[in-house]
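The values are calculated or read from the model by the stated rules, or taken from the named source; none is laboratory data. Since we're looking at a predicted model, the values are computed, not measured. All Cβ positions, even for glycine, are placed from backbone atoms using ideal geometry, and neighbour counts span all protein chains on display.
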Amino acid sequence: MIGQINVTRMTEDRTGVRTWHRVASASALVEGQPIAAHIGDIPVAVVRADGAIYVIDDVCTHEYALLSGGFVEDCTIECPLHQARFDLKTGRCLEPPADRDLRTYAVKVEGDDVLAAMEAA
Amino acid sequence: MFLKNFWYVAAWDHEISDKPLGRIILNEPVVLYRTQDGALVALEDRCPHRRLPLSMGKIVEGGLLQCHYHGLRFDKTGKCVRIPGQELIPPSLKAKAYPVIERYHWIWIWMGDPALANPDTIPDFQYLDSPKWAAKGTWLHVHANWQLIVDNLLDLTHLAFVHETTIGNAAVAENAAVKVQRSPNNVLVSRWMIDKPAPPTYVKAGGFTSNVDRWQFIDFTPPAFLRLHVGAAPTGTGAPDGRVVGGINMRNLNAITPETDTTTHYFWAQAHDFDVNNAKVTDLLFEQVKTAFLEDVAVFEAQQCTIDRNPHAPQSDINADAGAIQARRILDRLHQEEISAAKVQAAE
């Protein structure tokens, strides 16, 4: 839970306004090929799928594999090691061996910058 | 676990002559030879009479293989055509014949249903006999399961630790940008190490005096063909954009043939497309990679020992295993498909 508190401090200023972080170049982001990025200390995967851009936690909730090395199909991402699968839109865990959902992040594109921020609680 | 309906490399071409060669492949004894007219033959290496290996026999007139024990003679289809002192030949006196073909300086054998043997499915190893390339290879006998070798070639982070005197350095493990792509019957692992020192072998072969951009593209094709496109060029000359200037470009070619569940024939070669007429370069690269591969063999055999001691001891996966895990999934699926097809066939 300490991690959660830190995350909140980092992504919102004192007035609770959402803080955006640049996580990728939109033009360099290829459909179906995730890249790894960070929001502060949090590893995230940035994914272009079905025309939209999604930012999710990069660490698989099963055993620490990085989902940015995984496989994107039908707006889901499959862990490269043990086949856990997550919905890119909602972060929902769809296949075992993982059993917990991923956090998703708000995304906006300004010029060539892909920006992400914590979703409002 | 073996896959049967695939081509495997059984030997280098120069190993096969009119002196029969016995070799175990997928737990089956096979004898390979050439008849006097050059025809290539692969038969079950077991006389159907008293089960002596036919490879102990010799080739006699007419290209027949004569068993060492009682002199029975077999033609290239495995049919017995002579029993000394006996006129009639029982039809059961037949050794199984395997489809066999010579390509890229390798002898390819089909261990499954002969009706499915299509030479078009032999993977492309043109680097072994193309005039644009120079290649040198050999064969290693490994006391370990074949899949350990597949795993090894799909995760090259080990170069930093096992091969630090030749083809490895820290950058291979610490600074590689890795991408794993998969399709139903293929895995491609792409690795780039940008602006890092060249490893010792690359310094010797490429004369690099400054940092390099190094690439490793690992193509896995089932059951156990690994074609590695590797090389390096001075940083800043454009290699990541597809321009190779002042660099070295190579193929490391591997055909892994299971012998038994715990032993393997490891056929490999190193090919280069620079200085192709300079045998010293070819020899240097071959010797450097051979040094590295013998280091790998020591690893495989030690792994196999600990696996045999306790086959159920758990192992954990790390990110670098992604390529090898995807390859194992393909192999498991193909194995299940072969089992299902065999059941259907048995029911018919």
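Return the residues of segment A:36-52 that are surrounded by fewer than 19 Cβ atoms within 10 Å (Cβ to Cβ) and of a type outside the set (G, A, S); say none if nothing qualifies.
Going through segment A:36-52, the residues surrounded by fewer than 19 Cβ atoms within 10 Å (Cβ to Cβ) turn out to be A:36, A:38, A:40-41, A:43, A:50-52.
Across segment A:36-52, the qualifying residues are A:H38, A:D41, A:P43, A:D50.
May I ask you to list the residues in segment B:329-340 that are away from chain A (no Cβ under 14 Å), in contact (Cβ under 8 Å) with a residue 24 or more places away in the chain and not charged (D, E, K, R)?
Residues of segment B:329-340 that are away from chain A (no Cβ under 14 Å), as a first pass: B:331, B:334-340.
Pick out the ones that are also in contact (Cβ under 8 Å) with a residue 24 or more places away in the chain and you get B:331, B:334-335, B:338.
The answer is B:L331, B:L334, B:H335.
Does B:A269 fit the bill of being part of a helix (DSSP H, G or I) and crowded, with 22+ Cβ neighbours inside 10 Å? Give the derivation first.
Working: part of a helix (DSSP H, G or I): no; crowded, with 22+ Cβ neighbours inside 10 Å: yes.
In short, no.
When the residues of segment A:84-98 are filtered to those that are in contact with a strand residue (DSSP E or B) (Cβ under 6 Å, 6 or more places away or on another chain) and more than 17 Å from A:A52 (Cβ to Cβ), which remaining residue is nearest to the other protein chains (Cβ to nearest Cβ)? Talk me through it step by step, then tell me what you get.
In the first step, residues of segment A:84-98 are kept if they are in contact with a strand residue (DSSP E or B) (Cβ under 6 Å, 6 or more places away or on another chain); the result is A:84-88, A:91, A:93-95.
From the residues that got through so far, the ones that are more than 17 Å from A:A52 (Cβ to Cβ) too are A:84-85, A:93-95.
Details: A:A84: 12, A:R85: 14, A:C93: 18, A:L94: 18, A:E95: 14 Å.
Within segment A:84-98, the match that is nearest to the other protein chains (Cβ to nearest Cβ) is A:A84.
Given the conditions (1) at pLDDT below 95; (2) outside any loop (DSSP other than H, G, I, E, B), which single one is not true for A:A98?
Here A:A98 clears every test but (2).
Take the residues of segment B:78-109 that are part of a strand (DSSP E or B) and among the aliphatic types (A, V, I, L, M): which is surrounded by the fewest Cβ atoms within 10 Å (Cβ to Cβ)? Reasoning before the result, please.
Let us first name the residues in segment B:78-109 that are part of a strand (DSSP E or B), namely B:79-83, B:86, B:94, B:97, B:100-103, B:106-109.
In the following step, the residues that additionally are among the aliphatic types (A, V, I, L, M) were identified as B:81, B:83, B:97, B:100-101, B:107, B:109.
Numbers: B:V81: 13, B:I83: 17, B:A97: 17, B:V100: 22, B:I101: 15, B:I107: 24, B:I109: 25.
Once the filter is applied, the top-ranked residue is B:V81.
Return yes or no: is B:I167 within 27 Å of B:R243 (Cβ to Cβ) and buried (at least 21 other Cβ atoms within 10 Å of the Cβ)? Walk me through it before giving the result.
Numbers: within 27 Å of B:R243 (Cβ to Cβ): yes; buried (at least 21 other Cβ atoms within 10 Å of the Cβ): yes.
Yes: the conditions hold for B:I167.
Report the residue count in segment A:72-83 for those that are over 19 Å from B:D317 (Cα atoms) and either within 14 Å of another protein chain (Cβ to nearest Cβ) or β-branched (V, I, T) (or both). Show your work before the answer.
Within segment A:72-83, the first condition is being over 19 Å from B:D317 (Cα atoms), and the residues that meet it are A:72-76.
Now restrict to residues that are either within 14 Å of another protein chain (Cβ to nearest Cβ) or β-branched (V, I, T) (or both): A:72-73, A:76.
Going through segment A:72-83 one residue at a time, the tally reaches 3.
For A:V46, are the conditions met, namely being under 20 Å from A:A116 (Cα atoms) and within 14 Å of chain B (Cβ to nearest Cβ)?
no
Answer yes if at least one residue in segment B:115-127 is acidic (D, E), under 30 Å from B:N249 (Cα atoms) and not in a strand (DSSP E or B), and no otherwise. Quick ask: steps written out before the conclusion?
Pass one, segment B:115-127, residues acidic (D, E): B:120, B:124.
So of that shortlist, the ones also under 30 Å from B:N249 (Cα atoms) come out as B:120, B:124.
Of the ones still in play, those that are also not in a strand (DSSP E or B) are B:120, B:124.
The answer is yes; a qualifying residue exists.
Could you tell me which numbered condition B:S190 fails, if it satisfies all but one of (1) of a type in the set (G, A, S); (2) over 30 Å from B:L52 (Cα atoms); (3) at pLDDT 95 or above; (4) in contact with a helix residue (DSSP H, G or I) (Cβ under 7 Å, 6 or more places away or on another chain)?
That leaves (4) as the condition not met.
Conditions (1) within 14 Å of chain A (Cβ to nearest Cβ); (2) closer than 30 Å to A:G32 by Cα; (3) in a strand (DSSP E or B); (4) in contact (Cβ under 8 Å) with a residue 24 or more places away in the chain, marked per residue:
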site	(1), (2), (3), (4)
B:K132	no, no, no, yes
B:R182	yes, yes, yes, yes
B:D195	no, yes, yes, yes
B:W215	no, yes, yes, yes
B:F220	no, yes, yes, yes
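Across segment A:77-102, what is the total count of residues that are within 14 Å of the chain's Cα centre (by Cα) and surrounded by fewer than 18 Cβ atoms within 10 Å (Cβ to Cβ)? Let's see the steps before the verdict.
Pass one, segment A:77-102, residues within 14 Å of the chain's Cα centre (by Cα): A:77-79, A:85-93, A:101-102.
Subsequent filtering for residues that are surrounded by fewer than 18 Cβ atoms within 10 Å (Cβ to Cβ) retains A:89-90, A:92, A:101.
Result for segment A:77-102: 4.
Of the residues that sit in segment B:272-328 and are within 14 Å of chain A (Cβ to nearest Cβ) and not in a helix (DSSP H, G or I), which one is surrounded by the most Cβ atoms within 10 Å (Cβ to Cβ)?
Let us first name the residues in segment B:272-328 that are within 14 Å of chain A (Cβ to nearest Cβ), namely B:314-328.
Still in the list and also not in a helix (DSSP H, G or I): B:314-318.
Working: B:P314: 5, B:Q315: 7, B:S316: 8, B:D317: 15, B:I318: 12.
Top of the filtered list is B:D317.
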